[in-house]
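So the structure is just underneath, and the comments pick up after that.
The values are calculated or read from the model by the stated rules, or taken from the named source; none is laboratory data. Note that this is a predicted model, so its numbers are computed, not measured. Here the Cβ positions follow ideal geometry from the backbone for every residue, glycine too, while neighbour counts run over all protein chains shown.
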Amino acid sequence: MREQHWFAQKRFGYGAVPVTWQGWLTTLAYLALIAAIALKAPGDMLKAGLMLPLTLAYVYFIWTKTDGGFRWRWGRKD
């Protein structure tokens, strides 16, 4: 059985976009956590110290759940 991918490669540029409800849910959860940190954490260094590992973990998660991984794309050439 093939693993279900929650994200698809972008048509132009680098990265991925959510294509399933699970992908959209994780994206909204990530944005909510970033907003909560931005509003509630005292001090810029603490905010950066919390946001950076969260963002790296989120990008890694997206990379593992993207069909075909990440690469630069110029459109529908392939």
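Take segment 29-68 and flag every residue that is among the small types (Gly, Ala, Ser) and free of Cβ contacts under 8 Å to residues at least 24 places away in the same chain. Within segment 29-68, 29, 32, 35, 36, 38, 41, 43, 48, 49, 57 meet the criteria. Checking each residue in segment 26-70 for being of a type in the set (Lys, Arg) and surrounded by fewer than 11 Cβ atoms within 10 Å (Cβ to Cβ) picks out only 40. Can you name the residue in segment 8-25 that is closer than 10 Å to residue 71 by Cα, surrounded by 15 or more Cβ atoms within 10 Å (Cβ to Cβ) and among the small types (Gly, Ala, Ser) and, of all such residues, is modelled with the lowest pLDDT? Among residues in segment 8-25 that are closer than 10 Å to residue 71 by Cα, surrounded by 15 or more Cβ atoms within 10 Å (Cβ to Cβ) and among the small types (Gly, Ala, Ser), the one modelled with the lowest pLDDT is 15. Evaluated against (1) free of Cβ contacts under 8 Å to residues at least 40 places away in the same chain; (2) outside any strand (DSSP E or B), residue 71 falls short on exactly one condition, (1).
Scanning segment 1-37 for residues that are assigned to a loop (DSSP other than H, G, I, E, B), aromatic (Phe, Trp, Tyr) and within 11 Å of the chain's Cα centre (by Cα) yields a single hit, 6.
Return the residue satisfying two criteria in turn: it lies in segment 36-78 and is over 21 Å from residue 4 (Cβ atoms) and in contact with a strand residue (DSSP E or B) (Cβ under 9 Å, 6 or more places away or on another chain), and of such residues it is modelled with the lowest pLDDT.
Within segment 36-78, the subset over 21 Å from residue 4 (Cβ atoms) is 36-56, 72-78.
So of that shortlist, the ones also in contact with a strand residue (DSSP E or B) (Cβ under 9 Å, 6 or more places away or on another chain) come out as 72-75.
Details: 72: 82, 73: 79, 74: 81, 75: 72.
Ranking the qualifying residues of segment 36-78, first place goes to 75.
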